[in-house]
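Beneath this line is the structure, given in structure tokens, with notes to follow.
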Amino acid sequence: MLLELTSAWDALEDVLSMHYARFSLSWPKFNTLVHLYMTGDRGLTQSELSKKMMVSRANITGLIERLEKENMVIRTNDPSDKRAFRVCLTNRALTLMNTFLPIHNNYVHKVISSLDRKEKEVFVKLLEKLKKGLESL
């Protein structure tokens, strides 16, 4: 069963990688931008972003630096914690996300269209159950 799960994940990753590449994105870039997009103008600290994305602070720092060079994010001092930086989307990134997200949502619906509504519900419940089991290890 683990082989099937890994194989399905690999196939999904390949398909989504090609999809993201059309917009000069990668999974880590998209994941970062979507987390920031969901916060609106508030943004997130690098530490908050690291926790949400479940990656190390070092990885977040490198990713944020690359996105800054592409004029996709801006870092400012966090007014509530002078040791922290708050990361927000630039207008360029907002424009990209406003264009990309509807296309992405349609694409995701196509990707999972082989499952009917009931199968999707069961699949989500099974994934949630698997996640809880893994978290208890």
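Readers should treat all values here as calculations from the given coordinates under stated rules, not as data from a laboratory. This structure is a prediction, so every number in the text was calculated from the model and none was measured. Note that each Cβ is placed from the backbone with ideal geometry, even for glycine, and that neighbours are counted across all protein chains shown.
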Practice item. Please name which of 99, 40, 27 has its Cα lying farthest along the dipole of the range 9-135 towards the positive end, using unit charges on Cβ (Lys, Arg +1; Asp, Glu -1) and the Cα centre as origin. Key: 40
Check your understanding: Is the shape of the range 42-137 rounded, prolate or oblate, going by the alpha carbon gyration tensor and its root eigenvalues a ≥ b ≥ c, with a/c under 1.5 for rounded and a/b larger than b/c for prolate?
Key -> oblate
Point to revise | Least to most buried among 32, 39 (fewest other Cβ within 10 Å first) | key: 39, 32
Review point. Could you name the lysines in cross-link range of residue 29, using Cα to Cα under 21 Å and dropping any fewer than eight places away on the same chain?
Key: 51, 52, 69
Exercise for review: Just name one of 55, 17, 1: the one whose Cα is farthest towards the positive end of the charge dipole of the chain (beta-carbon charges, Lys/Arg +1, Asp/Glu -1).
Suggested key: 55
Review point. What 222 nm value per residue comes from the helices of the chain, counting each DSSP H run with n ≥ 4 as -39,500 (n - 2.57) and dividing by all residues, nearest 500 deg cm²/dmol?
Key: -22000 deg cm²/dmol
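How large is the charge dipole for the chain, taken about the Cα centre, if only the Cβ atoms of Lys, Arg (+1) and Asp, Glu (-1) carry charge, to the nearest 20 debye? Mind showing how you got there, number by number?
Numbers: 21 positive and 16 negative charges, 74 e Å.
Dipole about the Cα centre, nearest 20: 360 debye.
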Study note, to complete from the structure: Ranked on Cβ counts within 10 Å of their own Cβ, fewest leading, 70, 135 go 135, 70
Check your understanding: Roughly how many nanometres apart are two label points built 7 Å out from the Cα toward the Cβ at residue 107 and residue 61?
Key -> 3.1
Point to revise | Potential extension, residue 119-residue 54 segment - 0.36 nm per residue separation minus Cα distance | key: 20.6 nm
